[in-house]
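Input: a single structure, listed below in structure tokens.
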Amino acid sequence: MNAALDLATDFLGTVVGTVFDVAPIVAILVTFQAVVLRQRPANLRGIVTGFVCVLLGLSLFLIGLEQALFPIGETMARQLTEASVGGLAPEAGVDWRDYALVYVFAAAIGFAATVAEPPLIAVALKAEHVSGGAIGAWGLRIAVAVGVAVGVSLGCFRIVTGTPLPWYIIAAYVVVIAQTFRATKTIVPLAYDCGGVTTSTVTVPVVAALGLGLAASVPGRSPLIDGFGLIAFASVFPIMSVLGYSMTVSWIARRRQAKRSIEDAA
Amino acid sequence: MNAPTAALSRRVLDALRDLAPIIGVIAFFQVVVLQQPFPNFGSVFVGLLCVVAGLALFIQGLESGLFPLGENIAHAFARKGSVTALLAFAFCLGFGTTVAEPALIAIAAEAAEVASEAGAIAADEAARDGYAFSLRMVVALSVGVAIVIGVLRILKGWPIHRLIIGGYVLVTALTAFAPDEIVGVAYDAGGVATSTITVPLVTALGVGLATAIKGRNPMTDGFGLIAFAVLNPMIFVLTFGLIA
């Protein structure tokens, strides 16, 4: 009974919080509709119902994450980063291989959190619709999730080794630029967008906890300086993986076609 | 089963599929790797039910509320034909949705602590608060400008890769000169500025504009607004680090 009451209070609190977060957006939308566009949007009732659904849905989603996943995820990030240094003498120095389990966890949690990320679902649905089904929503999300997995894992490696963040990010830019010129033109804007949509409600808290935990437990790292940067990894690598995915798909298609034309000739 | 019930149960099934990986990963590491029991199973279970129901509701609202709204507005602006009004709206949308973003508030506070520890600002509460506030304003401003640039690109049909690659070059150059402690903050600021409600709205706006304007392709011109909203904060925060 008490637990149910707590949950209800939490829920109300989260709804109020979400309403406050959304208030500026609603104010801007209403002002422009009323003052500049001077018209009622078509199907106003549907839009308002939809907005209420979004608010309630987001609140439920956040409260559920707080209740079920974040506490375990954060404790887990702390335990894993601590367990890895367990047997080491403090003056022995840091060997990046001691943290193998952390990289595996980072990749797994990066992948899984991205698949559950609501804004990514939104963009993937839109892309599937706009492309007339040529880009599958599920395929796109998997490609983005693989990118985040690699990115976060590499980001943890960077924290452990203490190598400078710009090297990695600028190297990633070089790869993205090279891919941009090789990839199909239609996928490029979508791929660039995928970098931004992955780092949101689910991914940021889990990944931030991992980064801070790791920077605090690795000798010689400061959580304040080295804890930053994982989000940056998680927003560059999906661009790479989506472009890579698209290039692979068209390469396979081209090869198949080439084979067929050879067979036809023979 | 009637149509709405069928649609809703499909959404719940989709939500279950979307959440299965994260539940699986956490359960696996907890039980197999760390070999610990699940703490208070009851509340975790209730929480998971909330997450599934919440995600299903959110997607439902997305399709019936946010997407149509974004497209409506795009079409209304295209009919009205006032570029100034459209750009003003773009700026407000970017600025207004970013300035109150909780993830940004958190990162700005951390960044202020880093700056005061590095000696860039005085080590007292007022200096830190002031720094965090300016940083938030800089990021919100940069996202507003980003959406304006992105909308201009759709109107003019500029190729996106030139702008983005130009941005990358600028980030690289600024990184070389900016103080070390701001670099991590700047790079992360790009990722946190895009929230769950902004992304669907902005995407629908872009795709709607590209559909409504003659000669634009929704696939090549409609997407890309978010990309600017990621890149621009990095440029602005690095510049802020150089000046402040």
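Here are some residues: A:242, A:249. Which one is in a helix (DSSP H, G or I), open to solvent by less than 10 Å² (accessible area, probe 1.4 Å) and β-branched (Val, Ile, Thr)? Before you say what the answer is, go through the steps one by one.
Details: A:249 fails: open to solvent by less than 10 Å² (accessible area, probe 1.4 Å).
Selected residue: A:242, the only one of A:242, A:249 that is in a helix (DSSP H, G or I), open to solvent by less than 10 Å² (accessible area, probe 1.4 Å) and β-branched (Val, Ile, Thr).
For the stretch B:202-233, taking the residues that are within 14 Å of the chain's Cα centre (by Cα) and open to solvent by 10 Å² or more (accessible area, probe 1.4 Å), the one that is nearest to the other protein chains (Cβ to nearest Cβ) is identified as B:230. Within the stretch B:101-120, is even one residue closer than 22 Å to residue A:52 by Cβ and either open to solvent by 10 Å² or more (accessible area, probe 1.4 Å) or among the small types (Gly, Ala, Ser) (or both)? Scanning the stretch B:101-120, I find at least one residue that is closer than 22 Å to residue A:52 by Cβ and either open to solvent by 10 Å² or more (accessible area, probe 1.4 Å) or among the small types (Gly, Ala, Ser) (or both), so the answer is yes. Does the stretch A:200-215 include one or more residues that are in contact with a Gly (Cβ under 9 Å, 6 or more places away or on another chain), over 21 Å from residue B:170 (Cα atoms) and free of Cβ contacts under 8 Å to residues at least 12 places away in the same chain? No: the stretch A:200-215 contains no residue that is in contact with a Gly (Cβ under 9 Å, 6 or more places away or on another chain), over 21 Å from residue B:170 (Cα atoms) and free of Cβ contacts under 8 Å to residues at least 12 places away in the same chain. For the stretch B:25-38, the criterion of a residue being closer than 22 Å to residue A:63 by Cβ, within 9 Å of chain A (Cβ to nearest Cβ), assigned to a loop (DSSP other than H, G, I, E, B) and open to solvent by 60 Å² or more (accessible area, probe 1.4 Å) is satisfied by at least one position.
Condition check: in a helix (DSSP H, G or I), open to solvent by 20 Å² or more (accessible area, probe 1.4 Å) and either of a type outside the set (Val, Ile, Thr) or modelled with pLDDT of 90 or more (or both). Does residue A:210 satisfy that? Break it down into steps so the answer makes sense when it comes.
Details: in a helix (DSSP H, G or I): yes; open to solvent by 20 Å² or more (accessible area, probe 1.4 Å): no; either of a type outside the set (Val, Ile, Thr) or modelled with pLDDT of 90 or more (or both): yes.
Taking the combined requirement at face value, the residue does not satisfy it.
Residues are listed down the side, and each one gets a yes or a no for (1) within 31 Å of the chain's Cα centre (by Cα); (2) more than 8 Å from chain B (Cβ to nearest Cβ); (3) open to solvent by 40 Å² or more (accessible area, probe 1.4 Å):
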| position | (1), (2), (3) |
| --- | --- |
| A:24 | yes, no, no |
| A:29 | yes, no, no |
| A:41 | no, no, no |
| A:48 | yes, no, yes |
| A:51 | yes, no, no |
| A:59 | yes, no, no |
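Looking only at residues in the stretch A:176-207 that are outside any helix (DSSP H, G or I) and not aliphatic (A, V, I, L, M), the one that is most open to solvent (accessible area, probe 1.4 Å) is A:184. Among the residues of the stretch A:90-115, those that are within 12 Å of chain B (Cβ to nearest Cβ), buried (at least 24 other Cβ atoms within 10 Å of the Cβ) and out of contact with any Pro (no Cβ under 7 Å at 6 or more places or on another chain) comprise A:102, A:105, A:106, A:109, A:110, A:113, A:114.
The values are calculated or read from the model by the stated rules, or taken from the named source; none is laboratory data. It should be emphasised that the depicted structure is a prediction, and the values quoted were computed from it without experimental measurement. Methodologically, a virtual Cβ is constructed for each residue, glycine included, from the backbone with ideal geometry; neighbour enumeration extends over all protein chains shown. Areas reflect the complete protein model, heavy atoms only, side chains present, ligands, DNA and RNA absent. Shrake-Rupley method; radii C 1.70, N 1.55, O 1.52, S 1.80 Å.
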